[in-house]
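The values are calculated or read from the model by the stated rules, or taken from the named source; none is laboratory data. Since the structure is predicted, the reported quantities are computational estimates derived from the model, not experimental observations. Cβ coordinates were reconstructed from backbone atoms using ideal geometry, including for glycine residues, and neighbour counts include every protein chain displayed.
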């Protein structure tokens with residue numbers, strides 16, 4: 001049975017998730033191209049069992065350093081990641097190691113259903129020899145907020161590859177767990193739409209940042 005929670009969970013987890021355990025950049029040559037709008041390419045690839053993989057690549061007019069700072073700014077996540085409507089810093093070990101709490105409280109399906117979920121996430125930013133790597137993982141021990149349902153699992157990974165001093169290539173990889181194939185056919189269009197919206201918002205947010213990154217810091 002498809003429930004409103006399982007459908008929204010799938011959409012949100014896709015936006016914020018991938019299961020790869022290493023910083024190996026994905027190769028989309030064997031994936032299916034689903035959308036290519038405004039030079040944002042979104043791919044899909046079926047895998048074994050219930051895991052449905054998604055990927056994306058696009059170019060932004062920002063240096064890799066600027067993108068890294070943008071991804072560190074936790075409070076701004078609510079402005080550009082489709083599916084989150086509030087996000088707050090919980091703790092900060094360093095500029096490149098921090099945790100944050102996010103939650104969702106919104107109505108879907110023409111206002112017929114209300115979704116209330118939250119999660120606490122630990123994130124790390126790593127400068128690799130040829131790209132910036134950002135990984136976030138759910139803190140499974142974190143308590144949920146009152147009557148909000150806890151997000152049970154996700155990882156998010158971004159790969160930021162410098163092209164030159166003012167442009168970077170963004171690579172995203174994700175996976176959504178859908179137990180029933182017919183459920184996947186129902187939520188797939190919404191997933192693609194949310195991904196496209198998130199990446200367009202990211203471009204707009206980077207464009208709005210100051211050109212100099214010298215004084216910019218994470219939240």
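General observations
- Taking the numbered list (1) buried (at least 19 other Cβ atoms within 10 Å of the Cβ); (2) modelled with pLDDT under 90; (3) closer than 23 Å to residue 79 by Cα in turn, residue 153 passes all entries but (1).
- Given (1) more than 25 Å from residue 45 (Cβ to Cβ); (2) at pLDDT 90 or above; (3) assigned to a helix (DSSP H, G or I); (4) out of contact with any strand residue (DSSP E or B) (no Cβ under 7 Å at 6 or more places or on another chain), index of the condition residue 206 fails: (4)
- Residues that are modelled with pLDDT under 90 and in a loop (DSSP other than H, G, I, E, B) within the stretch 156-173 comprise just one, 165.
- Residues satisfying the stated conditions in the stretch 26-60, i.e. modelled with pLDDT of 80 or more, more than 21 Å from residue 196 (Cβ to Cβ) and touching a strand residue (DSSP E or B) at 6+ places or on another chain (Cβ under 8 Å): 30
- Going through (1) modelled with pLDDT of 90 or more; (2) outside any strand (DSSP E or B); (3) crowded, with 18+ Cβ neighbours inside 10 Å one by one, residue 11 falls short only on (1).
- Here residue 176 qualifies as at pLDDT below 90, under 25 Å from residue 26 (Cβ atoms), touching a helix residue (DSSP H, G or I) at 6+ places or on another chain (Cβ under 7 Å) and in a strand (DSSP E or B).
- Looking at the stretch 31-138, the strands (runs of 3 or more DSSP E) lying wholly inside it that each contain 3 or more residues that are under 18 Å from the mean Cα position of the chain (by Cα) sit at 40-46, 51-60, 86-94, 97-108, 113-127, 132-138.
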